[in-house]
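Notes for the one structure printed next.
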Amino acid sequence: MGDDAFGINRRVLDRVVDEIREVMTTGVQLALVVGGGNFFRGVSVGAQGMDRAQADYMGMLATVMNSLALQDALQKAGVPVAVLSGLAVEGVVEGYSRQSALQHLDAGRVVIFAGGTGNPFFTTDTAATLRGAEIGADLVLKATKVDGVYDRDPVKHRDAVRYDRVTYDEALARRLGVMDATAIALAREQNLPLRVFSINKPGSLLRVVRGENEGTLVQRGE
């Protein structure tokens, strides 16, 4: 949503599409998990007083809206793309299956995973780690507003220190806010590396894909 109060900011959408298109020229396979906080978040102020499961379903539907917008923008940019949803939205998007996801990736398409895990009480972080494990991803990337993992909130503390690398155990023990605990525990169990980086930094996605030291790497200790 960029600087807007809600919804989809076209400039931001076009910039993200340009980053994705550039990455696809490298020949890597790329799958995306999209959140829905720009429309509705199950744990937001707007959801207070609602049944948590009901609010989470609304949040998952918001991710479908964002996925459709991203699909449209990618198609217009000439990038082949498929949307698979863990939450059934028949007639709008294809339902998720691991086999379909792998087939689309092998065909050279960007795959967008919508609808979270399809279940309430799980975050987008967990959905990303789960889908990454299912498709055998080499790396899960968390594109966020800050350029990595810090020892404290860099917005509130100017002397916050950014880590180049942390282990899963350190991230959990220090509550570093990399991802939610369920997502990190799953990544640790599957030995699936995570990299946290800023999506607002031009070219950052491509630098991560090229193996450059962008953001913070979360992995097992030596």
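The values are calculated or read from the model by the stated rules, or taken from the named source; none is laboratory data. The shown structure was predicted, so the numbers you read here are calculated from the model rather than taken from an experiment. Here the Cβ is made from the backbone with ideal geometry for all residues, glycine too, and neighbour counts use every protein chain on show.
Below are the figures for this structure:
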read-out	value
Subset of region 167-182 [surrounded by 14 or more Cβ atoms within 10 Å (Cβ to Cβ) and either outside the structural domain of Val218 (by TED's automatic domain parsing) or at positive phi (or both)]	Gly177
Any hit, region 143-150, residues being closer than 30 Å to Asp106 by Cα, among the hydrophobic types (A, V, I, L, M, F, W, C) and at pLDDT 90 or above	yes
Identity of the residue in region 89-137, among the charged types (D, E, K, R) and assigned to a loop (DSSP other than H, G, I, E, B), that ends up surrounded by the fewest Cβ atoms within 10 Å (Cβ to Cβ)	Glu90
Helices (runs of 4 or more DSSP H) enclosed by region 138-215 - at least 2 residues per element that are within 15 Å of the chain's Cα centre (by Cα) and within 20 Å of Thr26 (Cβ to Cβ)	204-209
Checklist (1) charged (D, E, K, R); (2) surrounded by 20 or more Cβ atoms within 10 Å (Cβ to Cβ); (3) assigned by TED's automatic domain parsing to the domain that holds Glu189 applied to Asp159, failing item	(2)
Residue in region 34-78 that is nearest to Val92 (Cα to Cα), counting only those that are among the β-branched types (Val, Ile, Thr) and in a helix (DSSP H, G or I)	Val64
Boolean, Asp56 is in contact with a helix residue (DSSP H, G or I) (Cβ under 8 Å, 6 or more places away or on another chain), surrounded by 19 or more Cβ atoms within 10 Å (Cβ to Cβ) and of a type in the set (Asp, Glu)	no
Selection from region 183-208 of residues that are within 26 Å of Arg21 (Cβ to Cβ) and surrounded by fewer than 19 Cβ atoms within 10 Å (Cβ to Cβ)	Pro193, Ser198, Ile199, Asn200, Lys201, Pro202, Gly203, Leu206, Arg207
